[in-house]
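Contents: one structure, followed by commentary.
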Amino acid sequence: VEQVPLVTITTDFGTADGYVGTMKGVILSIAGDARLVDISHEIAPQNVRQAAYVLYTAYPFFPPHTVHLVVVDPGVGSARRPIALCTPAGCFVGPDNGVFSYVIAREPVEAMVELADPRYRLPQVSHTFHGRDIFAPAAAHLAAGVPITALGPPVPDPITFPPPRLEVAAGSIAGEILHADHFGNVITSIGQLVWSGDDLSLEPAFPEAGGTRRERASEAHQTGGGGAVRFQASKATVVVAGRDVCGLHRTYAQVEPGQVLALVGSEGHLEIAVREGSAAQRLGLQPGDLVTLRWR
Amino acid sequence: VEQVPLVTITTDFGTADGYVGTMKGVILSIAGDARLVDISHEIAPQNVRQAAYVLYTAYPFFPPHTVHLVVVDPGVGSARRPIALCTPAGCFVGPDNGVFSYVIAREPVEAMVELADPRYRLPQVSHTFHGRDIFAPAAAHLAAGVPITALGPPVPDPITFPPPRLEVAAGSIAGEILHADHFGNVITSIGQLVWSGDDLSLEPAFPEAGGTRRERASEAHQTGGGGAVRFQASKATVVVAGRDVCGLHRTYAQVEPGQVLALVGSEGHLEIAVREGSAAQRLGLQPGDLVTLRWR
Amino acid sequence: VEQVPLVTITTDFGTADGYVGTMKGVILSIAGDARLVDISHEIAPQNVRQAAYVLYTAYPFFPPHTVHLVVVDPGVGSARRPIALCTPAGCFVGPDNGVFSYVIAREPVEAMVELADPRYRLPQVSHTFHGRDIFAPAAAHLAAGVPITALGPPVPDPITFPPPRLEVAAGSIAGEILHADHFGNVITSIGQLVWSGDDLSLEPAFPEAGGTRRERASEAHQTGGGGAVRFQASKATVVVAGRDVCGLHRTYAQVEPGQVLALVGSEGHLEIAVREGSAAQRLGLQPGDLVTLRWR
């Protein structure tokens with residue numbers, strides 16, 4: 001596999017205005033042979049947490065030399081720092097507003113810098129479009145081989161937000177809804193769930209917080225008399241707003257079209273779905289809503 | 001023309017969630033120099049027939065070494081087979097659910113296999129995202145030069161759905177609406193219509209069924225005393241729900257803005273349009289509705 | 001930087017139907033190594049002025065060897081000419097309907113031709129999809145190195161529309177709304193505004209008309225006793241429909257979330273915004289509405 005510069009782009013810009021195309025023009029003016037891949041441009045305006053989630057689902061599937069450019073930037077023009085960071089799973093460029101929280105929680109950070117060197121910005125920097133003037137040039141230079149340390153001084157204290165709710169007790173795990181996708185499938189913070197035979201076990205998705213939680217989890221399990229969190233899938237029920245909404249299955253095809261089910265989604269998180277329908281709409285669920293997985 | 005690996009992608013995933021980007025990451029991890037082209041990600045959820053139609057309009061315009069990846073897959077996780085097929089007009093990868101019906105009807109199939117060999121899947125296959133775990137890797141390997149027969153055993157009996165309605169009688173052709181596009185232009189199964197002077201003649205779009213139909217057509221014409229189906233365009237009228245809605249023109253510009261017209265669309269099918277407006281909205285038309293083209 | 005053929009695409013086709021993908025197939029069948037970048041496919045149907053604006057914001061950021069393909073073509077199938085033009089800032093391919101007005105106003109045109117030579121079209125040209133049959137092939141051949149003069153005879157008289165309103169008086173500039181973007185930011189024709197310390201000065205965006213206007217501007221200023229149009233930003237107010245709506249700031253971050261402000265947008269035009277909200281919605285503004293910037 002030849003190693004062409006590869007840049008992914010995630011924004012809340014939509015695709016109607018030409019803003020994304022403009023950033024691509026900037027990148028291709030600097031790294032003429034770069035390959036560009038859109039992750040999403042339909043992040044809800046200024047929704048940094050949604051961008052962090054979408055990035056988390058996609059970046060692990062790209063080659064490690066990929067530069068992931070993320071511009072969801074409510075603080076553009078304020079004192080918030082523009083940053084870049086590199087990990088063994090790829091480099092990341094964007095505003096220092098928490099959008100890389102899940103990356104930082106999961107990957108060892110090799111270097112993190114502020115995008116301060118004017119040689120790696122456009123000659124004129126606007127007050128409103130740092131995606132074009134600061135972030136796209138930095139991503140292009142990184143992808144083209146400029147070492148990250150050339151872009152500016154180290155950032156020892158990036159902004160990160162706390163990991164999403166994940167509380168393990170005897171016989172239950174409580175979490176929250178992270179995302180409702182295009183199909184109306186609702187993805188929760190209860191993950192990652194791993195099948196082993198007919199049982200599921202929990203390996204918390206965001207290890208930084210996982211430490212504490214794993215302890216809490218085993219404490220809980222001590223009450224129940226166990227070690228790691230592990231339970232029989234067929235005995236589990238999903239509870240939302242005090243109501244049992246469905247059991248846990250392996251695939252959509254195990255229920256009839258129109259029926260509600262829960263399953264382990266493609267990122268290993270508990271997901272609530274309606275076969276050939278929308279769970280978000282049917283159950284009125286939204287990001288932030290509390291979900292509990294309960295078993296006996 | 002240098003022959004770079006070329007993969008097109010058609011899904012019902014939308015572009016908000018990062019699912020398409022994730023598949024592209026998988027493809028580029030396997031075939032680093034692949035060129036990727038989006039056909040559509042706005043197929044209505046689980047609408048296999050719409051995907052088949054959109055693919056049919058696009059694939060003939062790509063180089064023959066292209067791999068067309070289609071993931072509209074209501075049966076993900078069930079027993080439906082993942083397949084690949086190669087024809088002189090390109091290779092195709094996706095679920096065995098009829099989505100390649102129009103391709104199979106129009107192109108000689110050189111090989112068709114089930115995507116069974118685990119070497120050409122991701123190491124872990126989820127129950128809900130075969131686009132990422134099975135189909136994208138297969139498309140990438142095919143595009144990179146792996147022979148189709150390496151991917152798995154032959155499939156002699158793919159699922160196909162019957163071709164859309166196309167019934168020729170003396171002085172009329174009956175069909176159905178296949179698709180309403182972004183502009184509200186309504187494309188019917190009455191095709192392919194070919195201009196010759198001021199006349200139009202019919203060459204059924206899907207030859208498998210075309211055999212029967214051509215016979216029926218000439219039978220009908222025998223009633224009228226003719227050979228192939230051929231009629232004078234200026235004498236033709238489009239009838240929907242028992243009502244004459246418009247005559248047949250060559251271009252939008254032949255009527256005033258806001259007026260309803262029919263013409264031979266860019267794929268050679270009868271199309272109902274409103275100049276600078278939406279025929280789907282104005283006439284309340286939907287896929288599946290019956291349309292008749294009548295002449296004297 | 002290696003010079004790979006680079007083609008951008010701007011249409012009103014949407015992305016659901018496969019029309020854009022089909023054009024890409026045509027381009028890659030002719031120029032197999034071309035790089036393709038989408039600018040926008042969500043131009044409002046047949047809205048030539050919006051396409052002209054979006055193109056104007058994007059093309060200057062692409063390498064000069066880029067071919068910009070624009071297909072917003074209400075006159076498809078009529079006598080309107082298909083054209084191509086080259087400038088030091090890139091080449092442009094599309095219908096002769098005014099969509100290149102802003103390019104022609106800003107860049108010296110080196111050559112402009114009608115796309116008449118059938119060798120650079122698809123063998124069969126439909127009456128409804130010149131994007132596929134005429135424009136995409138022309139863009140591909142140009143990008144692959146065919147000289148523009150080979151494509152057809154010179155066009156000495158392209159259609160252009162008058163530049164948007166920009167009227168300078170003593171103590172005010174009147175303009176109109178050009179575009180409301182994805183965020184609800186409203187961009188006006190009052191530009192380009194350039195900061196110098198705490199002052200702003202005006203350099204009309206479209207020089208052809210700028211001549212007259214600059215004169216009018218200095219005339220106006222002679223009344224006020226000055227030379228070029230220059231004013232203190234902190235004294236300026238934006239007036240819409242006779243009402244003062246906001247003052248002028250440097251960045252979104254200078255006001256509270258939810259507050260209305262004006263600023264100099266990323267293309268140098270006066271922009272009305274709501275921090276983390278939609279000005280278009282809040283103030284009920286639309287393209288074509290009159291906006292005045294007033295100072296003492």
| field | Inter-part distance where the range A:28-81 and the range B:48-64 are each reduced to a Cα centre, Å | value | 31 Å
| note | Tilt, helix B:19-30 to longest principal axis of chain B (alpha-carbon atoms), in degrees rounded to tens, equals 50 degrees
| query | Add -39500 (n - 2.57) for each DSSP H run of 4 or more in the protein assembly as shown, then divide by its residues: what number comes out at 222 nm, to the nearest 500 deg cm²/dmol? | reply | -6000 deg cm²/dmol
| request: Specify, per residue and in Å³, the volume enclosed by the convex hull of the alpha carbon atoms belonging to chain B. | output: 147 Å³
| field | Distance between the range C:158-192 and the range A:113-179 - C-alpha centres, whole angstrom | value | 34 Å
| Per residue, what volume in Å³ does the convex hull of the Cα atoms of the protein assembly as shown enclose? | 173 Å³
| How much accessible area per residue does the range C:1-117 have, in Å², with a 1.4 Å probe? | 25 Å²
| request: Express in Å², to the nearest 10, the accessible area of A:Cys246 obtained by rolling a 1.4 Å probe over the protein heavy atoms while all chains stay in place. | output: 10 Å²
| said: Roughly how large is the B-C contact in terms of buried accessible area, totalled over both chains, probe 1.4 Å, nearest 100 Å²? | reply: 2700 Å²
| remark: Shape descriptor, the range C:3-147: equivalent ellipsoid semi-axes (Cα gyration tensor, sqrt 5λ, whole Å, largest first) stand at 19, 18, 16
| query | Using θ = phi - 60° and the Karplus form 6.51 cos²θ - 1.76 cosθ + 1.60, what ³J(HN,Hα) does each residue of the range A:264-277 get, whole Hz, x for Gly and Pro? | reply | 8, x, 5, 9, x, 9, 4, 10, 9, 9, 10, 4, 6, x
| message | Along its three principal axes, how long is the range A:8-53 when you only count alpha carbons? Whole Å, largest extent first please. | response | 32, 21, 12
| remark: Label points for A:Ala228 built 7 Å along Cα→Cβ; distances to same position in the other copies, nm, shortest first, come to 6.9, 6.9
| Cβ-Cβ FRET estimate between A:Lys235 and C:Glu276, R0 fixed at 56 Å, reported to 0.05 | 0.80
| Extension gain (nm, one decimal) between B:Arg243 and B:Arg294, 0.36 nm per residue minus Cα-Cα | 17.2 nm
| task | For helix C:207-224, report the angle its Cα long axis makes with the longest principal axis of the Cα atoms of chain C; keep it between 0 and 90° and round to the nearest 10°. | result | 10 degrees
| remark: Rounded to the nearest 5, the percent of antiparallel DSSP beta bridges in chain C equals 75 percent
| request: Using the Kirkwood radius over Cα pairs, work out the Stokes-Einstein diffusion coefficient for the range C:118-198 at 10 °C and 1.306 mPa s, in µm²/s as a whole number. | output: 92 µm²/s
| query | Taking the label point 7 Å from Cα in the Cβ direction, how far apart in nm is C:Trp295 from each other copy of itself, listed shortest first? | reply | 6.9, 6.9
| Cβ charges +1 (Lys, Arg) and -1 (Asp, Glu), total dipole of the range C:2-142, debye | 140 debye
| So which residues in the range C:99-146 end up with at least 40 square angstrom less accessible surface once the other protein chains are there, compared with the chain by itself, probe 1.4 angstrom? | C:His127, C:Thr128, C:Arg132
| said: Rounded to the nearest angstrom and ordered from largest down, what semi-axes does the equivalent ellipsoid of the range B:54-101 get from its C-alpha gyration tensor (root of 5λ)? | reply: 21, 11, 7
| field | Within the accessible area of chain C (1.4 Å probe), percent carbon and sulfur | value | 49 percent
| request: Note down the magnitude of the dipole of chain B about its Cα centre, charges +1 on Lys and Arg C-beta and -1 on Asp and Glu C-beta and zero elsewhere, to the nearest 20 debye. | output: 360 debye
| field | Other protein chain Cβ atoms within 10 Å, averaged over every residue that makes up B:256-266 | value | 2
| field | Amide H contacts under 5 Å for A:Ala205, placed H, 5+ residues apart | value | A:Gly191, A:Gln192
| request: Quick one: work out the % antiparallel among DSSP beta bridges in the protein assembly as shown, nearest 5. | output: 75 percent
| said: Taking R0 as 56 Å, what FRET efficiency do you get between B:Glu114 and C:Ala170 from their Cβ-Cβ distance, rounded to the nearest 0.05? | reply: 0.10
| query | Among C:Val113, B:Gln50, B:Ala236, which residue has its Cα positioned farthest towards the positive end of the charge dipole of the protein assembly as shown, with +1 placed on the Cβ of Lys and Arg, -1 on the Cβ of Asp and Glu, and the dipole taken about the Cα centre? | reply | B:Ala236
| query | Among B:Gln281, B:Cys246, B:Ala143, whose Cα lies farthest out toward the positive end of the dipole of chain B, if unit charges sit on the beta carbon of Lys, Arg (+1) and Asp, Glu (-1)? | reply | B:Cys246
| Label spacing, shortest first and in nm, from B:Arg243 to its equivalents in the remaining copies (7 angstrom along Cα→Cβ) | 4.2, 4.2
| request: Between chains B and A there is a rotation axis; tell me the chain B residue with the nearest beta carbon and how many whole Å away it sits. | output: B:Thr15, 4
| task | Multiply the residue separation of B:Thr149 and B:Gln124 by 0.36 nm, subtract the distance between their alpha-carbon atoms, and state the gained length in nm to one decimal. | result | 6.8 nm
| message | Taking the Cα centroid of the range B:245-271 and of the range C:230-296, what is the distance between the two, rounded to the nearest whole Å? | response | 45 Å
| Percent of alpha carbon pairs in the range A:88-142 separated by more than 17 Å? | 40 percent
| query | Relative to the first principal axis of the alpha-carbon coordinates of chain B, what is the inclination of helix B:48-58, with its axis defined by its Cα atoms, in degrees from 0 to 90 and to the nearest 10? | reply | 80 degrees
| message | Straight-line reach only, C-alpha to C-alpha below 30 angstrom: list the lysines that C:Lys24 could link to, leaving out same-chain residues fewer than 8 apart. | response | A:Lys24, B:Lys24
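The values are calculated or read from the model by the stated rules, or taken from the named source; none is laboratory data. Fair warning: this is a prediction, and the values are worked out from it, not measured in the lab. Please note: Cβ atoms are built from the backbone with ideal geometry, for glycine as well, and neighbour counts cover all protein chains shown. The area values use the complete protein model at the heavy-atom level, side chains included, leaving out ligands, DNA and RNA. Shrake-Rupley method; radii C 1.70, N 1.55, O 1.52, S 1.80 Å.
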